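The values are calculated or read from the model by the stated rules, or taken from the named source; none is laboratory data. Every value quoted in this text rests on a predicted model; they were computed, and no experiment measured them. We place every Cβ from the backbone using ideal geometry, glycine too, and count neighbours over all the protein chains shown. Keep in mind that these areas ignore ligands, DNA and RNA; they rest on the heavy atoms of the full protein, side chains included. Shrake-Rupley method; radii C 1.70, N 1.55, O 1.52, S 1.80 Å.
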Amino acid sequence: MSLIASLPQIDKSSSAVYVMHERSEKHIPMHKHTKGQLSYVEGGLAYVHIKNQILVIPARHYFWIPQGMEHILRVGNSATVLRSLFFYAFDDDKDLFYTRVGIYPINDLLLQMLKYTEKWEGPVNVGDPRYQFLETIKNILPANSTRALPIALPFTENKRMQMILKYMDANIADTHTMLSIGNKFGLSARSLSRLFQTTLGISFLQYLKLLRIVKSLEMILQTDKSLSEIAYAIGYQSLSAFSNSFYQFTRVRPSDFKSY
């Protein structure tokens, strides 16, 4: 059963854990659950649109979405497996982890536990022998989720800014500056700087660095390009500069990430 078809079933029993393993290309429109969502991304990228951010979740990472939070989910590669557990929320107040959106690198323990559930599907209710195992997964999440991955692209409904962001995305290899972008769109560097801060909440340079890291993640996971080719394709003049920037955001080197 697809995620869209399963939405009513996920929230049917407030005490159950709903298990779903999907391999498909999908775009799930804005929705929310009465349960917290734990999803592990395997073999590609997933994108979660929440409020004014687009979270980018690479392979071998998982994300947590608190109960009641509206979001859009997109998985752009048909080879990507999304392993999801939807947890009851009656005990969420025992740790702040359960109230916050987050992206985290997976460790071997949690990965093996999630894979153990891959033959299960649908609701697992109290009294089912599998319930205690799933309960344990939820209970260990706070201790295993201490290093959040800050890969979230700010989003805005501002039409002028959307045009600028679309241009930067399509021409990511170019040497962008506030002056060059401002000239392209009829803005002074000062006005452009103010537009970034007021609509996205970050600076032009911060957004450009973040966009380049997102594009590099897509290329690492979805193409056969070498790291040097990727570095130049996203606008870096050297592999070392790209590696340092990548490490700044992910705390791993791109060579290590590629070998996952």
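Checking the cross-link pairs K115/K215; K26/K209; K12/K119; K12/K209 against a 31 Å limit on the alpha carbon distance flags K12/K209 as lying beyond it. Packing around the peptides 31-37, 208-214, 113-119, taken as the average count of other Cβ atoms within 10 Å per residue, puts them in this order, highest first: 208-214, 31-37, 113-119. Each Cα pair under 8 Å and six or more residues apart adds its sequence gap; the mean of these over the residue count of segment 62-209 is a relative contact order of 20 percent.
Would you calculate, for the chain, the mean residue ellipticity at 222 nm contributed by helices, counting each DSSP H stretch of 4 or more residues as -39,500 (n - 2.57) and dividing by all residues, to the nearest 500? The per-residue figure over the chain is -12000 deg cm²/dmol. In the full protein context, segment 1-145 carries 44 Å² of accessible surface per residue, based on a 1.4 Å probe and ignoring ligands, DNA and RNA. Ordering 56-66, 162-172 by mean Cβ neighbour count within 10 Å, with the highest value first, yields 56-66, 162-172. Each other residue within a Cβ distance under 13 Å of V252 adds +1 if Lys or Arg and -1 if Asp or Glu, for a net charge of +4. For Kirkwood radius over Cα pairs in Å, the value calculated from this model appears in (i) 19.7; (ii) 20.5; (iii) 18.3 under label (i). Under the rule a/c < 1.5 gives rounded, and otherwise a/b versus b/c splits prolate from oblate, where does segment 61-127 land using the Cα gyration tensor? Verdict is rounded for segment 61-127.
Heavy-atom accessible surface of D256, to the nearest 10 Å², is about 80 Å², with a 1.4 Å probe and all protein chains retained. When the chain is treated as a GNM, springs tying every alpha-carbon pair under 10 Å, which of S39, S13, S191 comes out with the largest mean-square fluctuation? The residue with the greatest mean-square fluctuation here is S191. Summing charges over all other residues whose Cβ lies under 11 Å from the Cβ of S203, with Lys and Arg as +1 and Asp and Glu as -1, gives +2.
In segment 94-213, carbon and sulfur make up what percent of the accessible area (probe 1.4 Å)? That fraction is 53 percent.
Separation of segment 116-180 and segment 54-91, taken as the distance between their Cα centroids, equals 6 angstrom. Using only side-chain charges placed at the Cβ, +1 for Lys and Arg and -1 for Asp and Glu, the dipole size of segment 200-254 relative to its Cα centre rounds to 180 debye. Evaluated with a Cβ-only charge set (Lys, Arg +1; Asp, Glu -1), segment 177-228 carries a dipole of roughly 200 debye about its Cα centre, given to the nearest 20.
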